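The values are calculated or read from the model by the stated rules, or taken from the named source; none is laboratory data. The model shown is predicted, which means the values in this text are computed figures rather than measured ones. Cβ sites come from the backbone with ideal geometry, for glycine too, and all protein chains shown count toward neighbours. Note: accessible area is taken over every heavy atom of the protein model, side chains too, but ligands, DNA and RNA are not part of it. Shrake-Rupley method; radii C 1.70, N 1.55, O 1.52, S 1.80 Å.
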Amino acid sequence: MEKIFNFEDRLVRFAGECIFFTRQLERLFENEYYKNQLIRSSGSASLNFGEAQGTITDKDFIFKVSLVVKELKESRNSLKILDYIKEGNSDKRSKLLIEVEQLIAISSKMIINKK
């Protein structure tokens with residue numbers, strides 16, 4: 001994947017890559033459950049960051065970016081479960097897990113910097 005330095009663009013790409021990843025999963029009950037969770041949480045992280053950019057106060061910004069962190073951690077958990085049960089392309093899973101860790105670190109640092 002090409003390196004992207006704009007945080008919003010990275011969140012959008014992460015959500016999109018999660019969708020691409022889930023399209024390849026076998027249609028089993030458990031896969032559908034975690035697939036839906038991953039799509040919702042990764043997309044929500046991106047959408048919440050979009051809202052954070054429109055906030056007026058630091059308090060509102062911190063709240064919205066905290067939601068981004070929460071959603072990214074949920075995405076990470078879904079990916080870890082899919083990794084544990086060895087579902088989907090292992091290389092793609094690994095890349096998504098690395099990316100989500102970096103996104104969590106960046107967004108957590110944004111919160112610290114605003115406090």
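Are there trypsin sites (Lys or Arg not before Pro) in the stretch 1-79 that DSSP marks as loop and that have at most 11 other Cβ atoms within 10 Å, and which are they?
Answer in residue order: LYS3, ARG27.
With labels modelled as points extended 7 Å from the Cα through the Cβ direction, what inter-label distance (nm, one decimal) is found for LEU28 paired with SER66?
My value for the distance between the label points is 3.8 nm.
Taking the solvent-accessible surface of protein heavy atoms with a 1.4 Å probe, what is the per residue accessible area of the chain in Å²?
It amounts to 60 Å² per residue over the chain.
Are there DSSP H segments in the chain that both extend 15 Å or more along their axis (alpha-carbon positions) and score a mean Kyte-Doolittle hydropathy of at least 0.0? List them, or say none.
Span-like helices here: 7-23, 90-114.
Going toward the positive end of the dipole of the stretch 7-114, with +1 on Lys and Arg Cβ and -1 on Asp and Glu Cβ, which of PHE49, PHE20, LEU72 do you reach last?
Of the listed residues, the answer is LEU72.
Tell me the mean residue ellipticity at 222 nm calculated for the chain from its helices only (DSSP H runs of n ≥ 4, each -39500 (n - 2.57), averaged over every residue, nearest 500).
Calculated from helices alone, the mean residue ellipticity at 222 nm is -28500 deg cm²/dmol.
Accessible area of the chain with a 1.4 Å probe: how many percent of it is carbon plus sulfur?
Carbon with sulfur: 54 percent of the solvent-accessible area.
What is the distance in Å between the Cα centres of the stretch 51-69 and the stretch 1-39?
First find each Cα centre; the distance between them is then 23 Å.
Using the Cα centre as the reference, give the magnitude of the dipole from point charges on the C-beta atoms of the chain (Lys, Arg: +1; Asp, Glu: -1; all else neutral), rounded to the nearest 20 debye.
Roughly 220 debye for the chain.
List the pairs from LYS3/LYS95; LYS3/LYS86; LYS35/LYS64 whose alpha-carbon separation is above 19 Å, in the order I gave them.
LYS3/LYS86; LYS35/LYS64
By how many nm would the segment from ILE56 to GLU17 lengthen if fully extended, with 0.36 nm per residue of separation less the alpha-carbon distance?
The span from ILE56 to GLU17 would gain 11.0 nm if fully extended.
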